[in-house]
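Accompanying notes for the structure given below.
The values are calculated or read from the model by the stated rules, or taken from the named source; none is laboratory data. Just so it is clear, the structure is predicted and the values come from calculations on it, not from any experiment. Here the Cβ positions follow ideal geometry from the backbone for every residue, glycine too, while neighbour counts run over all protein chains shown.
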């Protein structure tokens, strides 16, 4: 708490699981250069890291050398994220929220928080469970709520991982290579993080609000189009979508010939080109290596995009695109099922510079495309043959 006196050596030792005598020995051996007679948050954070490394078997000399080189500087950033006190039990949460302890534990674990033998909750976690109880009490189905919570956890884990790794790769490592002393390096890193960290929440809130509005609009349009097209009602948790997989033909060979750095640059340009031209209701669901999975509600618009995208490609390695449409299972922000697998298999059969589609896509496509039937093929994992077509713009050779 702001204005509180700094902790004593005994309090620090108890907090990190060691003794005051051990702390004194670490100070004498130069392991805690941040300590100047006062246990500042930075000194405590570094002492906690030393204790953790000792538990893992590192010698005092190894830890001292790592500290002097600046390799332990990331620990100082922990001082900007002081661990809140965990003082509440699941039983107390049940009294305040009405959520059974087992369900509260499940929600927290689904968010990505580690399991604990005897879960103790912070004030923030208790407030999170209050929000959860309110959402469920309002009528949001538990099966859907847990999926949403899982998506939140996965997305935020990816964000946090990227924040730490990008700081390490593009700030921490260059400073070390420049020979900046450990203490000076830690101060530079801490100042930079202190300036950047407050931007995270408002940026994410702004982007979330904008994208939420976009997807609400798309959902309304999708409902109207489904009714006008006379599609039958789908099972709970199912959607009818178009799925396209695109990747770079010969990517593995290019990686071997030109190296990983060049290959990553090529993939980044490829993904950016896919993103820039997608129809309004389409989005990239995920990327796996050089492969991109795109999902859209409008089959005709996605087919038009795929053909136009291929026509604009002039640089090798050329992409290849496979596309299919049908009913899929929507879960945890992703799409699953036979139709997704079939789209992936179609993509694997396509050639560089080609858009290969199935009969359902042909039947839903608009007037600007023509399709050349190449026959029925047996795709891996499918017992029945699949009719495939090459899609082109009308008038193209």
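Condition check ((1) without any contact (Cβ under 8 Å) to a residue 60 or more places away in the chain; (2) buried (at least 16 other Cβ atoms within 10 Å of the Cβ); (3) outside the structural domain of residue 33 (by TED's automatic domain parsing); (4) in contact with a helix residue (DSSP H, G or I) (Cβ under 6 Å, 6 or more places away or on another chain)) across all residues:
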position: 158; (1), (2), (3), (4): yes, no, yes, no
position: 164; (1), (2), (3), (4): no, no, yes, no
position: 180; (1), (2), (3), (4): no, yes, yes, no
position: 198; (1), (2), (3), (4): yes, no, yes, no
position: 202; (1), (2), (3), (4): yes, no, yes, no
Query raised in the report: Within segment 353-389, can you find the residues that are assigned to a strand (DSSP E or B) and on the phi > 0 side of the Ramachandran plot?
Result: 375
Query raised in the report: Out of the residues in segment 266-297 that are in contact with a helix residue (DSSP H, G or I) (Cβ under 8 Å, 6 or more places away or on another chain) and buried (at least 22 other Cβ atoms within 10 Å of the Cβ), which is modelled with the lowest pLDDT?
Result: 290
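So is residue 22 at pLDDT below 85 and part of a helix (DSSP H, G or I) or not?
No: the conditions fail for residue 22.
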Query raised in the report: Which residues, counting only those in segment 88-146, are assigned to a loop (DSSP other than H, G, I, E, B) and within 27 Å of the chain's Cα centre (by Cα)?
Result: 111, 112, 113, 114, 115, 116, 119, 140, 141
Query raised in the report: For segment 274-299, what are the residues that are out of contact with any strand residue (DSSP E or B) (no Cβ under 7 Å at 6 or more places or on another chain), part of a loop (DSSP other than H, G, I, E, B) and without any contact (Cβ under 8 Å) to a residue 60 or more places away in the chain?
Result: 289
Query raised in the report: Would you pick out the residues in segment 319-344 that are touching a helix residue (DSSP H, G or I) at 6+ places or on another chain (Cβ under 7 Å) and surrounded by fewer than 21 Cβ atoms within 10 Å (Cβ to Cβ)?
Result: 326, 327, 331, 332, 333
Query raised in the report: Within segment 338-352, is there a residue that is closer than 19 Å to residue 278 by Cα, part of a loop (DSSP other than H, G, I, E, B) and not assigned by TED's automatic domain parsing to the domain that holds residue 155?
Result: no
Report task. Test residue 263 against the stated conditions and say whether it is closer than 23 Å to residue 285 by Cβ, part of a helix (DSSP H, G or I) and either at pLDDT 80 or above or touching a helix residue (DSSP H, G or I) at 6+ places or on another chain (Cβ under 9 Å) (or both). Result -> yes
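Taking residue 154, is it in contact (Cβ under 8 Å) with a residue 60 or more places away in the chain, under 30 Å from residue 106 (Cβ atoms) and outside the structural domain of residue 36 (by TED's automatic domain parsing)?
yes
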Report summary line: Given the conditions (1) in a helix (DSSP H, G or I); (2) within 24 Å of the chain's Cα centre (by Cα); (3) modelled with pLDDT of 80 or more, every one holds for residue 49 apart from (2)
Requested in this report: For residue 29, indicate whether it is farther than 18 Å from residue 185 by Cβ, exposed (fewer than 14 other Cβ atoms within 10 Å of the Cβ) and in contact with a helix residue (DSSP H, G or I) (Cβ under 7 Å, 6 or more places away or on another chain).
Outcome: yes
